[in-house]
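A.B. asks: Handing you this structure, nothing more for now.
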Amino acid sequence: MKSTDSLRRSYAMTKFVTYFFLILGAIIMVFPFVWMLLTSSKTVPESMQIPPTIIPAQLMLDNFKDAIDSLPFGRLYINTALMVFFRVVCAVLFSSMAGYAFAKLKFRCKNLLFGIVLIQMSLPSQIFIIPQYQMVAKMGLSNTIFALVFPGLVSAFGVFFLRQTYLSIPDEIGEAAYLDGCNQWQTFYKVMFPLTGTSVAALTIFTAVFAYSDLMWPLVVNSDLSMMTLSSGLATLRGQFSTNFPVLMAGSLLAMLPMVVLYLIFQRQFVEGIAGTGGK
């Protein structure tokens with residue numbers, strides 16, 4: 001009997017500690033967003049007050065109006081949406097074909113080429129900014145949507161990720177398609193590619209999130225405010241000597257809205273995509 005009570009107390013204590021740390025982690029993750037929301041409703045002196053004030057004395061909704069007047073949000077939304085869309089399409093299209101080739105086809109220097117892909121994955125993306133900018137500038141395509149999409153035309157992570165997915169598909173499926181009269185291209189897009197739906201969904205999510213939050217490249221390649229994205233446009237609200245933090249936080253909330261709405265609409269797909277990635 002004592003042993004049973006001891007096990008119950010141990011289980012209850014373990015459950016309490018687990019939930020305590022989970023709730024603590026959730027609070028730590030949510031706190032920056034709550035602070036951003038509260039700061040967007042403060043005055044400038046309140047936002048810089050030490051010790052800081054948590055609850056604003058008066059809601060300053062004019063900060064949102066000032067943010068909208070300071071930036072062309074309509075154009076920034078369109079630029080960001082186009083960049084995310086084309087990066088996702090390119091990542092899924094080219095990574096699927098390259099991943100299938102590296103996984104199922106035999107050709108010269110396959111291991112060498114795949115090694116180059118792995119090397120690109122291991123290097124920080126910042127070292128590619130200068131050569132990529134020089135390429136875009138020589139083509140005369142700076143301050144364009146293509147300039148925003150250019151670094152995402154090929155995804156080294158996508159190639160590696162989908163190659164692992166295709167490796168998990170038995171070769172017998174491709175052989176059966178060949179016996180049924182499919183050529184290599186038909187085997188790819190009619191048989192193999194439909195089997196990678198979960199992985200493609202996960203790659204789409206990762207690519208969209210990374211593209212949406214990309215700051216450095218859009219800020220470097222497009223100097224025209226009307227051709228910037230939401231992240232780079234918000235960066236222009238920072239002053240050289242002083243910053244209107246309530247207006248900056250209000251603009252950040254407006255920039256978050258599309259991704260929050262998309263997550264609420266496609267929450268099930270987000271969860272299934274991430275879970276499918278972990279399952280691999």
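The values are calculated or read from the model by the stated rules, or taken from the named source; none is laboratory data. Everything numeric here is computed off the predicted structure, so don't read it as measured data. Note: ideal-geometry Cβ built from the backbone for every residue, glycine included; neighbour counts use all protein chains shown. Protein only, heavy atoms only, side chains kept; ligands, DNA and RNA dropped before computing areas. Shrake-Rupley method; radii C 1.70, N 1.55, O 1.52, S 1.80 Å.
A.B. asks: With every protein chain present, what is the per residue accessible area of the chain (1.4 Å probe, Å²)?
C.D. replies: That works out to 62 Å² for each residue.
A.B. asks: So if I place +1 on the C-beta of Lys and Arg and -1 on the C-beta of Asp and Glu, and nothing else carries charge, what would the dipole magnitude of the chain be about its Cα centre? I want it in debye, nearest 20.
C.D. replies: 620
A.B. asks: In nm, to one decimal, how far is the A26 label point from the D224 one, both placed 7 Å along Cα→Cβ?
C.D. replies: Label-label distance for A26 and D224, simple model: 4.7 nm.
A.B. asks: Lys pairs in the chain, Cα-Cα under 27 Å, at least 8 apart or on separate chains: how many?
C.D. replies: 9
A.B. asks: Hey, of (i) 147; (ii) 123; (iii) 229, which did the structure itself give for volume of the Cα convex hull per residue in Å³ when calculated?
C.D. replies: Only one option fits the structure, namely (iii).
A.B. asks: So, one more: Give me the percent relative contact order of the chain, please, defined on Cα pairs under 8 angstrom at least 6 residues apart.
C.D. replies: 29
A.B. asks: Are there DSSP H segments in the chain that both extend 20 Å or more along their axis (alpha-carbon positions) and score a mean Kyte-Doolittle hydropathy of at least -1.0? List them, or say none.
C.D. replies: 2-39, 73-104, 197-212, 245-265
A.B. asks: If you add up the charges near L113, with Lys and Arg at +1 and Asp and Glu at -1, over every other residue whose beta carbon is less than 14 angstrom from its beta carbon, what do you get?
C.D. replies: Local charge sum for L113: +4.
A.B. asks: Then there's this: Ranked from highest to lowest mean number of other Cβ atoms within 10 Å per residue, what is the order of the peptides 90-103, 164-177, 108-121, 139-152?
C.D. replies: The packing order, highest mean first, is 90-103, 139-152, 164-177, 108-121.
A.B. asks: Ranked from the most accessible area to the least, with a 1.4 Å probe and all protein chains present, what is the order of K138, K15, K104, K42?
C.D. replies: The ranking, largest first, comes out as K138, K15, K104, K42.
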